[in-house]
Structure formats: structure tokens, C-alpha cells
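Remarks on the structure that follows.
The values are calculated or read from the model by the stated rules, or taken from the named source; none is laboratory data. In this text, all values refer to a predicted model and were calculated from it rather than measured experimentally. Because the Cβ atoms are built from the backbone with ideal geometry, glycine has one as well, and the counts that use them run over all protein chains shown. Each accessible area value is taken on the protein alone, full model and side chains, heavy atoms only, with ligands, DNA and RNA left out. Shrake-Rupley method; radii C 1.70, N 1.55, O 1.52, S 1.80 Å.
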Amino acid sequence: MLLSDLTTAFMLLTRLPVGRFARPGVAPEMARCVWAFPVVGLVVNLAAALAYRLGREAGLPPLLAATWTLVAVALMTGALHEDGLADTADGFGGGATPARKLEIMRDSRIGSYGALAVLLSVVLRVSAIAALGQPGAVAVGLILAGMLGRSGMILLLVLLRPARADGLGASVARPPFWSVAAGLGLSVAASFALLPVRPALAAVVLGAGASLVLARMAVVRIGGYTGDVLGATEMVTGCVVLTGLASAFSA
């Protein structure tokens, strides 16, 4: 069951070739796998931290190594969360009604709000990674940003209802309590394992706060969440956590 949940989570949130581990003829249980969302963040961002270390050992300056780190992340995730951020920014920024906002979010074309949101997210992450500087500090920052960012997605699944009856957001609605508790617990435990108590608490509070802000915006603008909003929550929460850690521990 755990392998099935992990496989489903990686298939939902990345483009890594994990389909071979899926059980043939068995439909994945989308909602149950949410506990593994932070595990996806751990694996993806640990690999990204390795890319940063390799770049630094190859002689790249921190800013350039940080840029290639995001290239590695995009290759692993297929830029799914960036796409969600762009669609959410376009939808929230345009349209006079929730229905119109949802229609804009379904449009594959990117608008000015979406382009600016993705650009800012890239600049924030590259700057924060370069500010952390040392590969060890970068690894901690990336891992916690990835795990807490994906825990933010879990918070929205608990607090909000789907804004649509179809789509990815609806497929993971109403996850079981044990799965929610396990997913959130993994991120909190990782924070306190990798950081001293006060910075760990600050990272958890920053992550939860950013996620709750996105949740409130989603309720006001479209009445709930969508798959795009979940992706945007991961991006925004991750940026906030990484910024806070860079501010506290920059080289």
C-alpha cells in the first residue's frame, strides 16, 4: 500500500518515470496518497541540492549554480507547479466573477499576471539559494521548502472544497485523516530534525501562514481550490520558506 501511495504521489507531482512501480489493473487511490506529497518534495529537492553541489564543485559561482538547480527541478517536475502558479495568477488577477476566473485558469495561454508570477518565483528561489551559498545550507533550505510547500497543498485539501467537480483538485479531495496527519507530521518532523528549535518553528509558521493566505485568496476569488491553486500554494509557500531560511542563514 505504501509503495502504491508513493508511486501515485510521484506520478501526480513529477515527471519521473515511476509508472513501472504501479500495480497493473489497480486504480490509484488519489486522496489516500497525500501523505506522500512531502516525500516527493524531499526526493526532488534532495536531487536538486545534489545538482547545486555538483555545480559548485565544478567551479560555478553560487548564482549560476542556483540557476542550474532550478533547471534540474523543472526537469523532474515538468514545471507543473510553475504552470499552476501562472494559471492561478492569471485567474485571480483577471475576471469579474468566480466562473470567469475559473475559465481563465483553464486557458493554456499565459497572461501578464502569470508570466510575472513565474518570473518572480524564479528570481526569489535563485536569489535565496545563492544567498544560502554553502551546499549543506542549500540542501536544508531546498528540502524544507519542498516538504513544507507540499504540506501547504495538504492544508488546502483539508480546509477548502474543490472549486470544480472535475480535475486534479477534485480527485484528491477529502483525504483520510491518517494521511493528512502523516503528511503534515513528516514536514514538521523534518524541520525540527534539520534545524534548531527556533528556526524550525519559524519555518513551520512561515509555511503554514503562506498556505493559509493562499487558502483565503482561493475562497474569496473562486470559492475553493483547484489543481492549479494547489500548485501555486506549493510554489508560494516554498518561496516564503526559502526566503526566510536564506535571511536567517545566508553565507
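Observations on the structure shown:
- Relative to the dominant Cα principal axis of the chain, helix 62-77 is inclined by about 30°.
- Between the residues 130, 88, 215, the greatest Cα displacement towards the positive end of the dipole of the chain, with unit charges on the Cβ of Lys, Arg, Asp and Glu, is found for 215.
- At R0 = 35 Å, FRET efficiency that the Cβ-Cβ distance of residue 29 and residue 115 yields, to 0.05: 0.45
- Note on the chain: with a GNM built from Cα contacts shorter than 10 Å, the maximum mean-square fluctuation among 165, 137, 200 falls on 165.
- Overall form of the range 1-128 per C-alpha gyration tensor (a/c, 1.5; a/b vs b/c): oblate
- Estimated FRET transfer efficiency (residue 122, residue 165; beta-carbon r; R0 25 Å; 0.05): 0.15
- The chain - charge dipole about Cα centre, Lys and Arg +1 at Cβ, Asp and Glu -1, debye rounded to 20: 240
- Apolar share of the accessible surface for the chain: 69 percent from carbon plus sulfur atoms, 1.4 Å probe.
- Applying 1/(1 + (r/R0)^6) with R0 = 35 Å to the Cβ-Cβ distance of residue 64 and residue 108 gives a FRET efficiency near 0.65.
- Candidates 219, 197, 44: whichever shows maximal mean-square fluctuation once the chain is modelled as a Gaussian network with Cα springs under 10 Å: 197
- Heavy-atom accessible area per residue - the chain, 1.4 Å, Å²: 46
- Å³ per residue enclosed by the Cα convex hull of the range 66-179: 124
- P(r) tail for the chain: Cα pairs beyond 29 Å make up 26% of the total.
- Residues whose amide H lies under 5 Å from that of residue 225, counting only those 5 or more places away or on a different chain, are 161, 163; hydrogens are built 1.01 Å from N in the peptide plane.
- Note: relative contact order over the chain, using C-alpha pairs below 8 Å and six or more positions apart, is 27 percent.
- Here the gap between residue 181 and residue 193, fully extended at 0.36 nm per residue and compared with their Cα-Cα distance, gives a gain of 2.6 nm.
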